[in-house]
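The values are calculated or read from the model by the stated rules, or taken from the named source; none is laboratory data. Remember, it's a predicted structure, so these values are computed and weren't measured experimentally. Neighbour counts are summed over all protein chains in view; Cβ atoms, including those assigned to glycine, are modelled from backbone coordinates with ideal geometry. Accessible surface is based on the protein model in full, side chains and every heavy atom, while ligands, DNA and RNA are left aside. Shrake-Rupley method; radii C 1.70, N 1.55, O 1.52, S 1.80 Å.
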Amino acid sequence: MSDEQKETPKPKPKPISPGKGPKVSIWIYLGVLLVLLTIHSLFVMPGASNRISYSEFLGLVRNGHVAEVVIINEINIEGTYTQAALDSGIVKQPEQPQSRFNVEQAAPVNKFTTTMIQGDDIRPILDEAGVKYDARVEENWMGGLFSWLIFLVVIVAFWMFMFRRMNPGQQVLNIGKNKAMLYDKASEGKVTFKDVAGLDEAKEEVQEVVEFLRNPKKFTKLGGSIPKGVLLVGPPGTGKTLMAKATAGEADVPFFSLSGSDFVEMFVGVGAARVRDLFKQAKEKAPCIIFIDEIDAIGRMRGRNAMTGSNDERENTLNQLLSEMDGFGTDKGVILMAATNRPDILDSALLRPGRFDRQILIDKPDLKGRMEILSVHIQKIKTGSDVDLKALASQTPGFAGAELANMCNEAALMAARRNKEQVEMIDFQDAIERVVAGLEKKNKIISADEREIVAYHESGHAIVGWFLEHTDNVTKVSIVPRGFAALGYTLHTPLEDRFLMTKEQLNDRICSLLGGRVAEDIIFGKVSTGAQNDLERITNMAFSMVAVYGMSEELGNVSFYDSQNPDTTFGFNKRYSEDTARKIDETVKRVIQENYARTKELLQEKRELLETMAKTLLEKEVLTTADLEVMLGPRPFARPDHEALA
Ligand code: ADP
Ligand code: ZN
């Protein structure tokens, strides 16, 4: 297969399971239906061609041309002419068969059939004419059987028709086949890391996968195991698919690409069958990469909405995926890559070691990243000398790679429409407007004012985190909008919660979370909704300190959390009095207020730094620890990143 692929000059990505196409098979089914109908008519209406009318029949009987009759089911009459009548030629001969189907069935000329009028009693007439008669009951089982068959065929045809309407291009017989697109090694336009601008950290992490695919033995020889699954996390259009494709390109292996929603079908068991099929195909092509876009379509947490039962099918699919992932050893050389922008809703079973245990953040690009992406996409365009990449990049905050690519394309089209020889700056600027207008409908582009607020908010978080003793190291501050909710973020080193935290650490963490809101308060004298998520976390933390970890003087060393019975801990069935509930509320409030005051004091003291930092952030969009050190000086309570807590 792959040999042929190499010879063809331009192999296009193709669906893995090519069939004869849906149109052909529906015609086959229709043909079968037609044949059955014909056979049916042959059996059910035998000898229809030398049928005579009832009145003719009565006339024949009276004139003595009929020798004998058989009355079938008391309604049909099969008669035989007398020899005399045949010889004399007065008998009406059957018409010659019109269709070739009933050649063999052509009725014998001495016989005829007719149907009597219901309720007519012809025995006296027959007696009178001296015609022999007999009766027969015929069970028309053949006709019945065929009616059933036809009914069945019609149902199946209808079902197929409906099915096809719902899944264009889907073959009914291939329903359990996966729908992955295969990009083979030799596919033209191979994507490599060169085509992926920016994302240097992600590339570095993915490099490991590339090396493994190039030379699996090198790694497995020593007994090491390589990740089976890599999860690319980031908002849409940031180049997750591109990254996966480039990984395959770098490693020079085939690349299966499909979307999580391709597994989800209205039929039970289809998703699981498709997963099985996909892995089978992949193992044949190993080493290779399977890329599942939007994995959240199948990977959502299980066990929610248990009421509806509608996600049983999705769960089956997920279970199948999990068991397939467990089923192949890394030495098989199949690596799964998946993309999502909602890692938080994924089932934890998917993220366990041996499955998607690597998470790589693919974020929206910062100023520098945008410049790099623009320079990749501008290569394909004939640009005028006045095009300034830096200016374009700074005019497009919040644009993802896809939007930048789209913008370049729009600019080229715009210039063509204006009959220009080159794409000029003005075309790019108009294109930006166009793309922004489109984006505004999708997710709001933030205004300059909002950006400023976000810059101060994030600077507040960072400065508080920097100067307090018990907080984690600040590693990154960004005001590149990430999606709907987060307009910016401040990253601390240990992303995971620790196993043990002291009261001081909790308090300091509350302060650094409050830093955003306090900064807004100090600088603008008013607060925004941007702190909602911070406040939610603060409230949870303060509540846990008081009611779960026994960290307040007011309540003392009590924990109202019952791990055996989590439902009955708080809320309606709570195990404490209203009085205690009020006390908890007050204490939570006090904890937060005290920390607020502490934070405000600190930030007022560092106000100048806050202003410098926010301004730098507005300009550079992303600051790392190194930048912070230059700006804020070394951390007063610097600690190693992963300090173990005794
Ligand atoms: P995602 O899978 O994250 O939704 P894609 O990988 O499909 O995004 O990206 C869509 C397009 O955007 C790509 O085909 C590419 O043209 C462009 N693009 C996105 N990120 C980058 C990048 N870092 N460098 C170059 N082009 C990019
Ligand atoms: Zn915040």
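Numbers for the structure displayed
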item: Candidates GLU204, GLU139 - the one that is open to solvent by 60 Å² or more (accessible area, probe 1.4 Å) and at pLDDT 85 or above; result: GLU204
item: Restricting segment 222-238 to residues that are open to solvent by less than 20 Å² (accessible area, probe 1.4 Å) and modelled with pLDDT of 80 or more, the residue that is nearest to ligand 1 (Cβ to nearest atom); result: THR238
item: Segment 548-559 residues that are free of Cβ contacts under 8 Å to residues at least 40 places away in the same chain, paired with ones that are among the basic types (Lys, Arg) and not in a loop (DSSP other than H, G, I, E, B) (beta carbon under 7 Å, 6 or more apart); result: GLU554/LYS583; LEU555/LYS583
item: Residues satisfying the stated conditions in segment 347-387, i.e. within 16 Å of ligand 1 (Cβ to nearest atom) and open to solvent by 80 Å² or more (accessible area, probe 1.4 Å); result: GLN359, LEU361, LYS368, GLN379, LYS380
item: Test result for MET551, more than 14 Å from ligand 2 (Cβ to nearest atom), more than 19 Å from VAL464 (Cβ to Cβ) and either crowded, with 19+ Cβ neighbours inside 10 Å or not assigned by TED's automatic domain parsing to the domain that holds ILE479 (or both); result: yes
item: Residue list for segment 371-401, restricted to those being under 18 Å from PHE193 (Cβ atoms) and within 27 Å of the chain's Cα centre (by Cα); result: ILE373, GLY401
item: Residues satisfying the stated conditions in segment 435-482, i.e. assigned to a loop (DSSP other than H, G, I, E, B) and either modelled with pLDDT of 70 or more or within 15 Å of ligand 2 (Cβ to nearest atom) (or both); result: ILE446, SER447, LEU468, GLU469, HIS470, THR471, ASP472, ASN473, ILE479, VAL480, PRO481, ARG482
item: Unique match (being within 16 Å of ligand 1 (Cβ to nearest atom), hydrophobic (A, V, I, L, M, F, W, C) and under 16 Å from the mean Cα position of the chain (by Cα)) among LEU258, LEU278; result: LEU258
item: Scan of segment 114-132 for residues that are in contact with a Gly (Cβ under 9 Å, 6 or more places away or on another chain) and within 12 Å of VAL70 (Cβ to Cβ), ordered by number; result: THR114, VAL131
item: Matching residues in segment 399-428 - criterion: being assigned to a loop (DSSP other than H, G, I, E, B) and open to solvent by 10 Å² or more (accessible area, probe 1.4 Å); result: ARG418, ASN419, LYS420, GLU421, GLN422, GLU424
item: Elements of type helices (runs of 4 or more DSSP H) in segment 574-641, at least 3 residues being of a type in the set (S, T, N, Q) and in the same structural domain as VAL548 (by TED's automatic domain parsing); result: 578-605
item: Evaluation of LEU242 against (1) under 16 Å from the mean Cα position of the chain (by Cα); (2) closer than 16 Å to ALA197 by Cβ (one fails), failing number; result: (1)
item: Residues (part of a helix (DSSP H, G or I) and either among the β-branched types (Val, Ile, Thr) or within 16 Å of ligand 1 (Cβ to nearest atom) (or both)) located in segment 500-521; result: ILE510, VAL518
item: Candidates ASP331, ASP326, ASP344 - the one that is in a helix (DSSP H, G or I), closer than 28 Å to GLY198 by Cα and either hydroxyl-bearing (Ser, Thr, Tyr) or modelled with pLDDT under 85 (or both); result: ASP344
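For every residue, the table says whether it meets (1) closer than 18 Å to SER552 by Cβ; (2) away from ligand 2 (no atom under 16 Å from the Cβ).
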residue: LYS503; (1), (2): yes, yes
residue: ASN507; (1), (2): yes, yes
residue: ALA519; (1), (2): no, no
residue: PHE524; (1), (2): no, no
residue: THR529; (1), (2): no, no
residue: THR539; (1), (2): yes, no
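Results for (1) touching a residue at least 12 places away in the same chain (Cβ under 8 Å); (2) in a helix (DSSP H, G or I); (3) away from ligand 2 (no atom under 16 Å from the Cβ), shown as yes or no for each residue.
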{"position": "LEU350", "(1), (2), (3)": "yes, yes, yes"}
{"position": "PRO353", "(1), (2), (3)": "no, no, yes"}
{"position": "ILE360", "(1), (2), (3)": "yes, no, yes"}
{"position": "ARG370", "(1), (2), (3)": "yes, yes, yes"}
{"position": "LEU374", "(1), (2), (3)": "yes, yes, yes"}
{"position": "HIS377", "(1), (2), (3)": "yes, yes, yes"}
{"position": "ILE381", "(1), (2), (3)": "yes, no, yes"}
